[in-house]
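The values are calculated or read from the model by the stated rules, or taken from the named source; none is laboratory data. None of these values were measured; they are calculated from a predicted model. Cβ placement follows ideal geometry from the backbone for every residue including glycine, while neighbour counts extend to all protein chains displayed. The protein model used for the area step is the full one, side chains on, heavy atoms only, and it has no ligands, DNA or RNA in it. Shrake-Rupley method; radii C 1.70, N 1.55, O 1.52, S 1.80 Å.
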Amino acid sequence: RRRAPMDLWWDTPRFESLFRSMQLEASSFGAMNSYVTKEGSAVIHIDLPGVKKDDVQIIHENGTVNIKAKRQTKFTSEEVDEESFSEIQRSFTVPERAFDVSKATANMNDGVLKVCVPRLPESEMQQQSISIQ
């Protein structure tokens, strides 16, 4: 059976290396995350493999911590030179009445971002009573 020219192209190493790099890019930026309250703090962990700390932005606004990360990867072989760009954003509720965002800390180690927001002491937590009419 004779094969069409396009079928032959699909079997070339060039095609395989191009799509192998795309699969690696798609599978490696899933950004698993967790958000727990422990030891008097809200703790956020996000896996950001291949992301530099300068490409991460953390903003607190209206009781929400927003985290944005960007990653650029390059793949080079004898047949292919390509670049890919990825961006991810996650938001976490951190109520201002219960947590002291001004004392929040963040660090990044081995591709894992950790954000800690300490809980306010009970005496500083604001409570509001609502009257029934």
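How do the peptides 101-107, 62-68 rank, highest first, by the average count of neighbouring beta carbon atoms within 10 Å per residue?
Values: 101-107: 12.7, 62-68: 15.0.
Put in order of decreasing packing, that is 62-68, 101-107.
Bridgeable lysines around residue 53 (alpha carbons under 17 Å apart, same-chain partners fewer than 8 residues away excluded): 68, 70, 114.
Surface analysis of the range 74-133 yields an accessible area of 79 Å² per residue, using protein heavy atoms and a 1.4 Å probe.
For the range 41-133, the Cα-based Rg and Dmax, in that order, read 18.8, 76 Å.
Stretching the chain fully between residue 64 and residue 90 yields a gain of 8.4 nm (0.36 nm per residue, less the alpha carbon separation). Once the C-beta distance of residue 97 and residue 54 is scaled by a Förster radius of 25 Å, the resulting FRET efficiency is 0.20 to the nearest 0.05.
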